[in-house]
Amino acid sequence: MVFPGMGPVPFAEAARFLLVNPVARRMTAEASEVLGYPLIDRWREADGDYSEYAQVAFLVGCLALAEWAREEHGVDARVCAGPSFGGKAAAIHAGALSFADGVLMTARWARFLEDFSAGEHGHVVTQSFARVPAGELARITAELADRGAWHEVSCEVDEDFHMLSLGRDELDWLGRRIRAAGGLPLYTMYPPMHVSLFGPLRGRIESEVLGGLRFADPALPLIADQDGRAVDTGEEVRTMLADGFERPVRWPRVVAALRRHGVGTLYVCGHDALFGRVPATRRNFTVVPADPRTALRPRRRGPAPAR
């Protein structure tokens, strides 16, 4: 099972799943009790794609969809992975972290991230773009260096699909440069993630959020999104999550690790417009989406019995 990274989520569709699906409804109620506020109501009223409430709701939805996939397809995961935000859901699903602790971690994580990003590094964003091979990306980053512009690759999604973090004042230049190379600029993410500038934030999260949580050894193999390594102990899970602040996501390495584990089918549990769709994934696996839209479709019924 793969838990996708978080992108913009259509509220109506995702909230309907959380309210209609019995497992999702129970999990949403439990999350609301843990947080001390009605999750759906807060999410409805919040601004932005990555509010605390949106992040917790995405987490709950991913975990509920994994349970739906189990029931619908009769499958139990042999291995688990979660690129970027999905690492939180993967850690919970693998049994390394309780649901309640995962909800609290996600909410507090989001608050710290928002406060930190609005401060010293409030000008930094992460731009995703496709159709730019690695060689051309190297030329673009070299030109940014010549301009004296800070930048870092935050995510390698596929051989020609990346996310680059840089200052907002370089976005127009980057967009023109990507198009000149035949590429396609996509979504601009704020707050950014997976950048070395977030070292101080990582330290705070480790001491004030992760340090107070109990991490158990995962009950099934868990693959780290930074390099495809197998994470076997609770402490390694804690480190994997903290690494996500500073280290880039390398999805092709996760794909290679899953192949080494003999995986042939991926159940992608959550609203996903990226990791389950790129050629690196589709070439190597049969991909079964477990998203709100799929889960809300009425089940097909067989022909009525003859009378």
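Here, each number is a calculation from the coordinates, and none is a lab measurement. On a predicted model such as this, the values are computed, not experimentally measured, just so you know. Reconstructed Cβ throughout: ideal geometry from the backbone, glycine too, with neighbour counts over all protein chains shown.
Here 80, 155 are placed in order of increasing Cβ neighbour count within 10 Å, fewest first, which gives 155, 80. Could you tell me how many degrees, from 0 to 90 and to the nearest 10, lie between the Cα long axis of helix 52-73 and the main elongation axis, the longest principal axis, of the Cα atoms of the chain? That helix lies at roughly 50 degrees to the long axis.
At 0.36 nm per residue, and after removing the present C-alpha to C-alpha distance, how many nm does the segment from residue 47 to residue 143 gain when stretched out fully?
31.0 nm
Label segment 124-189 by shape, choosing from rounded, prolate and oblate, from the square roots a ≥ b ≥ c of the eigenvalues of the Cα gyration tensor; if a/c is under 1.5 it is rounded, and otherwise prolate applies when a/b is larger than b/c, oblate when it is not. Cα axes put segment 124-189 in the rounded bin. With a cut-off of 15 Å between beta carbons, the residues surrounding residue 18 carry a summed charge of 0, where Lys and Arg count +1 and Asp and Glu -1. Between the helical axis of 11-20 and the longest alpha-carbon principal axis of the chain there is an angle of about 30 degrees. Compute the long axis of helix 199-208 from its Cα atoms, compare it with the longest principal axis of the Cα atoms of the chain, and write down the angle in degrees, 0 to 90, nearest 10. The angle comes out near 30 degrees.
Round to the nearest 0.05 the FRET efficiency obtained for residue 118 and residue 11 when R0 = 22 Å and r is the Cβ-Cβ distance.
According to the calculation, E is roughly 0.40.
Available extension along the chain between residue 259 and residue 111 is 49.7 nm, counting 0.36 nm per residue and deducting the alpha carbon span. Under a GNM of the chain (C-alpha, springs under 10 Å), which listed residue has the highest mean-square fluctuation: 251, 150, 43? Maximum fluctuation in the GNM of the chain, among the listed residues, is at 150.
Put a dot 7 Å past the Cα of residue 207, heading toward its Cβ, do the same for residue 99, and the two dots end up 3.4 nm apart. Highest mobility in the GNM of the chain, judged by mean-square fluctuation with C-alpha springs under 10 Å and restricted to 270, 262, 102, is found for 262.
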